[in-house]
Amino acid sequence: MSKKVSPTCVFENERVTFKSYINEFTPELFKEFDSKAEKIGLHSKIDDLLTGKKVNYTEGLAAWHPKYRKEAMINENDNGVYDPFDTGTDYDKGIKLLELYDLCMSSKNIVTIGIGGSFEGPKMLLESLEASLNQDPLDIFGGKRKYIFITGSDLTEFKIKTKGLNPKDTLFFISSKSFTTEETITILKEAISFSSDMNRFIAITANKSEAKKYNINNIIEFDKEIGGRYSIWSDISVLIKWLTPYAFGGFIEGGRQADNDLKNNESYLKFVKYLAYSDIWLHNYKNRNSRAVLSYIWGWRSFPDYIQQLEMESLGKQPSKDSEFNNTGQIIFGGYGPTAQHSYFQLLHQGTQDVCVDIIACKK
């Protein structure tokens, strides 16, 4: 009989229960890392992020995804429903959004073209909402429409995924912050050839002038201060906002609550610090350079892909010249748990590689 192992760190709130079984990362090590963090001004850096100050020194920009979460218009008196058409005093923009919404709702096929954060985030959100709304009487994800995500530059993907679609019933969302990404533009040109109707294209971008070069007039803009890997909080997710404003409102509220807790809830801040410190310690001192993220929730089957892009794109850089740590981000891999079990669990359980593992499950 195997010996029952007790967790070394536990955190729980109304949304999540976290348990860590990293026995070697002791409270003494946590205090040591917390002291290091204090010396480099971690709390002031968190404040800079949350208050919209410049934190991206490479590009000289702020990172506004917390601002988007904070300022999102949510009707608190209507069970937290998000209002995707509230544009303040910009009435023309609001009317245009309603017109594009009607165009979307009248289309049988919705094709989203993007890469990186413009692909992984919306795809993950749509899959998770589709699963959670399976019993919803509105049945917005039923057989009425097809939702297709296309990425990369291999035209074979486009041809296979659009085979049999009627161009007159097909609407294209082109999601690109810069609107210069080679893979996205390659697929865009193929889509234009397929459709030949530029009224059936909606560009979502921070670079409106570049989108206009392709004769796209239906343009939804977001700020250049939104990093691509964080664009899930912006209008890159406009399709999900339109389809399920209630569910998207809950998503925004969750992000907003996390921001508030990071600043005001000591136990939550300690939990986040534990995640960060233990990763840095395992990577730099224990030579555990890889981490598997495994979701046992079908609706979250793309969550490991999103985390891979989020972490490796964010942390895949050279260390600061002033840092004592030589290793930055870990190698992230993973997938849907039941499939992964029959792909590489033998290596995790009995192989010679030392790999960290995050397992995500739902009590229901």
The lone condition residue 15 fails out of (1) surrounded by 12 or more Cβ atoms within 10 Å (Cβ to Cβ); (2) touching a helix residue (DSSP H, G or I) at 6+ places or on another chain (Cβ under 8 Å) is (1)
Only residues that are touching a strand residue (DSSP E or B) at 6+ places or on another chain (Cβ under 8 Å), part of a helix (DSSP H, G or I) and in contact (Cβ under 8 Å) with a residue 12 or more places away in the chain: list them for the stretch 203-230, please.
-> 208, 211
Hey, can you tell me all the residues within the stretch 337-361 that are in a helix (DSSP H, G or I) and either of a type in the set (Ser, Thr, Tyr) or closer than 23 Å to residue 285 by Cβ (or both)?
-> 339, 347, 348
Conditions (1) touching a residue at least 60 places away in the same chain (Cβ under 8 Å); (2) in a loop (DSSP other than H, G, I, E, B); (3) surrounded by 15 or more Cβ atoms within 10 Å (Cβ to Cβ): number failed by residue 287 | (3)
Among the candidates 4, 45, 19, which residue alone is within 26 Å of the chain's Cα centre (by Cα) and either small (Gly, Ala, Ser) or not assigned by TED's automatic domain parsing to the domain that holds residue 274 (or both)?
-> 45
Of a type in the set (Ser, Thr, Tyr) and either modelled with pLDDT of 95 or more or part of a helix (DSSP H, G or I) (or both): does that describe residue 107?
-> no
Flag if residue 340 is crowded, with 17+ Cβ neighbours inside 10 Å and more than 30 Å from residue 41 (Cα to Cα) | yes
Go through the stretch 160-190 residue by residue and tally those that are surrounded by fewer than 20 Cβ atoms within 10 Å (Cβ to Cβ), in a helix (DSSP H, G or I) and either touching a residue at least 60 places away in the same chain (Cβ under 8 Å) or touching a Lys or Arg at 6+ places or on another chain (Cβ under 9 Å) (or both).
-> 5
Which residues, taken from the stretch 277-298, are out of contact with any Cys (no Cβ under 9 Å at 6 or more places or on another chain) and under 29 Å from residue 114 (Cβ atoms)?
-> 293, 294, 295, 298
Going through the stretch 53-74 one residue at a time, which ones are touching a residue at least 40 places away in the same chain (Cβ under 8 Å) and either under 22 Å from residue 319 (Cα atoms) or touching a strand residue (DSSP E or B) at 6+ places or on another chain (Cβ under 9 Å) (or both)?
-> 56, 61, 62, 63, 72, 74
Within the stretch 134-175, restricting to residues that are at pLDDT 95 or above and among the hydroxyl-bearing types (Ser, Thr, Tyr), the one that is farthest from residue 101 (Cα to Cα) is 156
Checked the stretch 327-356 for anything closer than 25 Å to residue 132 by Cβ, out of contact with any Lys or Arg (no Cβ under 6 Å at 6 or more places or on another chain) and in contact (Cβ under 8 Å) with a residue 12 or more places away in the chain; matches are 334, 335, 337, 338, 340
Within the stretch 223-270, residues surrounded by 19 or more Cβ atoms within 10 Å (Cβ to Cβ) and in contact with an Asp or Glu (Cβ under 6 Å, 6 or more places away or on another chain) come out as 229
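The values are calculated or read from the model by the stated rules, or taken from the named source; none is laboratory data. This one's a predicted model, so the numbers in the text were calculated from it and none came from an experiment. A quick note on method: Cβ atoms are made from the backbone with ideal geometry, for glycine too, and the neighbour counts reach across all protein chains shown.
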